[in-house]
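Below is one structure, written out as C-alpha cells, with a few remarks after it.
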Amino acid sequence: MARVAIVGAGIVGAVLAHRLAREGRHEITLIDAAMSAGQGVSGRSFGWLTQIAGRRARSPEAAAVRAEGRAGYDVLNDALDGKLFVSGEGAIAWQESESETAAMIAERRALGIEVEALDAADIARLAPHLDEVPPLAAHAPRDIFLRPGLAAARLAQDAGDHGASLLYGHSVLWIETANGRVTGLRTAETVLPAEVVVLATGTGIARLLPGGVTAPEIGSSPSALITLYAEGPAPTLALSGPGLEIRKDRRADHFLVAATWRPESERELDALAAEKMAVAQRWFPDLRNWRIASAGIAARPMPRTASGCLAEPAGGIEGLYLACGHPGVALAPVIAERIAGLLD
C-alpha cells in the first residue's frame, strides 16, 4: 500500500480521490489550499457535458475520450446514489444558418456522436418558451449538466467516507524528493510523507514541478461564467445558438451562461454579462425581472495533447504524476482511470 497525495481538490482531483479511496489499495490524502473542494476553476465551470456545441468538429481521438468520460459519469452517479446529476431532456444546438447546422450534425455523426436532427416543430415542442426557433437544430438527448464545484465536494466527501484524508486550507510549497523519487509534500506547516504525488492543479502544475523536470505544455483559456436571474417558464434543456450558451441552474429562477472572455477589466466583464442577458431576453421574452446575479472568470487549463487529456508520469522523478484535461469536467473520469492504471 502506497501513500498517495493528490494535490488539487477540483473535479479532477476529487474524482481521482474517490476512485482510489473506493478501490482501497492505497492510503489517500487529498490536499488543497481552499477550505473545501471545488472552489477553484471547477467552481466556475458551466458543467455541460456535450459533444454537439461549437463550430469545429473534434478529432476522432478527442471525441472518443469525451465519450469515455460521459460513460464514466454514469458510473460515478450510480456510486453516489444519483447525487451528481439528474438525467433530463439533454440539449439542443444550432448555428447561424440551416446549412451550417446541417454540416455540424453530419460532422458529429461521422465521429460516432449520438445526435438527432430536429426541425422547427420538434424544437418548439422541446423548448416551447424559446421565441426565436431555428429551422434546424442538433439534439443530444444524453447530455448531462452538473455543478462541478458541488460535484467535486460530494466526490471528495465520498473519498473521505472511504478512508481518504481531506486536508483543506493547506498550500503545497514544493515536492520533497530524494534519490530521484518522491518522498513527500512540503506545506507551510509540515512535511506530508508520500511515495506518490499526483498534481491535479491545472495551470498551477508547472509551479510545483521539481527542478530538472520538463513542464508539460499547458495553456490557459479564460472563460466567463455568468448567472442570470429571471422569473417565469423556461426550457429545462441546455441551449446553444448564435450569441448564447445557456441552461437552467439548480436554483429556482437562475440561469447559467458560458462565454469566452478576453478583456481583463471587471467593467468589460460586466458589459459581456449585459450583452448575454440581452440575448437571453430576446430568446425568452416571457421571462420577467431579469438581472445579473453574478459574473466570474476561470482560467481553464489547456493541455497541448490531441485529446486534451493529460494523465502521465512526470519524467525524471519516480512517483510523480500529472493529471489535467480540457475540458476537465468532461475528462475527469478518464484521467482518474488512467492514473489509477499507472499506479497499478
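Observations on the structure shown:
- Calculated mean residue ellipticity at 222 nm for the chain: -9500 deg cm²/dmol, from DSSP H runs with n ≥ 4 weighted as -39500 (n - 2.57), summed, divided by the residue count and rounded to 500.
- Gyration tensor verdict on the range 1-63 (Cα atoms; rounded if a/c is under 1.5, prolate if a/b is larger than b/c, oblate otherwise): oblate
- The range 221-307: GluC sites (Glu not before Pro) falling in loop per DSSP and having at most 11 other Cβ within 10 Å: Glu264
- Ordered by 1.4 Å accessible area with all protein chains kept, Ile218, Ile335 run largest first as Ile218, Ile335.
- GNM on the chain, alpha-carbon springs under 10 angstrom: the most fluctuating residue among Ile92, Ile144, Ile123 is Ile123.
- Span from the the range 1-71 Cα centroid across to the the range 136-215 one, whole angstrom: 9
- Protein heavy-atom accessible surface, 1.4 Å probe, per residue over the range 144-250: 40 Å².
- The range 68-135, relative contact order in percent, only Cα pairs under 8 angstrom and at least six apart counted: 19
- Ranked by solvent-accessible area (1.4 Å probe, protein heavy atoms only, all chains present), the residues His18, His254 order from largest to smallest as His254, His18.
- For the range 1-67, the relative contact order is 32 percent, taking Cα pairs closer than 8 Å that sit 6 or more residues apart in sequence and dividing their mean separation by the residue count.
- For the pair Met35 and Arg262 in one chain, pulling the backbone fully straight at 0.36 nm per residue adds 78.8 nm over the alpha carbon distance.
- The order of the peptides 220-230, 28-38 by mean Cβ neighbours within 10 Å, most packed first, is 28-38, 220-230.
- Averaging the sequence gap over all C-alpha pairs within less than 8 Å and six or more residues apart, then dividing by the number of residues, gives the chain a relative contact order of 25 percent.
The values are calculated or read from the model by the stated rules, or taken from the named source; none is laboratory data. Please read all numbers here as calculations on a predicted model, not as lab measurements. All Cβ positions, even for glycine, are placed from backbone atoms using ideal geometry, and neighbour counts span all protein chains on display. Keep in mind that these areas ignore ligands, DNA and RNA; they rest on the heavy atoms of the full protein, side chains included. Shrake-Rupley method; radii C 1.70, N 1.55, O 1.52, S 1.80 Å.
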